[in-house]
Amino acid sequence: MTYFSWNDDLKVGNSFIDSDHQKLINLVNQLHDAMAQGHGKEILGKILSELIRYTQEHFKREEDHMQRIRYAGYASHKQEHDKLIREVVELQNKFNAGNGMLSVQVSSFLRNWLVNHIMKVDKDLAFAIKQVA
Ligand SMILES: [Fe+2]
């Protein structure tokens, strides 16, 4: 069974944001499955790096778009992005230093974060994008 399934409730109705989110969900699933299957540090580390890299890329796409439309919610939206990146990079540093294990708490944290962020903050953004389109 898929750990984190994409569903219509998560759709914000903007094609680049929705397709980025599907890819992010896919990466959270990969991380979860690799942990559940007991994969070693090397594989987990690779998936975690890819997840962080893609998240940064996706956040940048959203932020660039917000600036392009002079979005009023830019600062607070970016703050949520920055905070998440800080937390995940800290986790990665601990993991790389060998004093932090990745556990299913990591995938559930990421899943919850994404669902909450998409349902409110990204939906607000997609709505604003539609208004200026
Ligand atoms: Fe966002």
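The values are calculated or read from the model by the stated rules, or taken from the named source; none is laboratory data. Because the structure is a prediction, the values reported are computed rather than measured. Note: ideal-geometry Cβ built from the backbone for every residue, glycine included; neighbour counts use all protein chains shown. To get the accessible areas, we keep the full protein, side chains included, count just its heavy atoms, and leave off ligands, DNA and RNA. Shrake-Rupley method; radii C 1.70, N 1.55, O 1.52, S 1.80 Å.
Within the range 75-118, the set of residues being open to solvent by 20 Å² or more (accessible area, probe 1.4 Å), of a type in the set (Ser, Thr, Tyr) and in a helix (DSSP H, G or I) comprises Ser76, Ser108. Close contacts from the range 75-97, counting a first residue that is touching a residue at least 60 places away in the same chain (Cβ under 8 Å) and a second that is within 16 Å of the ligand (Cβ to nearest atom), with Cβ to Cβ under 6 Å and a gap of 6+ residues or different chains, come to none at all. For the range 87-96, state whether one or more residues are modelled with pLDDT under 95 and in contact with a Phe, Trp or Tyr (Cβ under 8 Å, 6 or more places away or on another chain). No.
Looking only at residues in the range 1-49 that are among the β-branched types (Val, Ile, Thr) and surrounded by 14 or more Cβ atoms within 10 Å (Cβ to Cβ), the one that is farthest from Gln131 (Cα to Cα) is Ile43. Just so you know, in the range 84-133 the residues that are among the polar types (S, T, N, Q) and within 16 Å of the ligand (Cβ to nearest atom) include one that is farthest from Glu62 (Cα to Cα), and it is Asn112.
Taken together, the residues in the range 52-74 that are among the hydrophobic types (A, V, I, L, M, F, W, C) and either open to solvent by 70 Å² or more (accessible area, probe 1.4 Å) or closer than 26 Å to Met35 by Cβ (or both) amount to 3.
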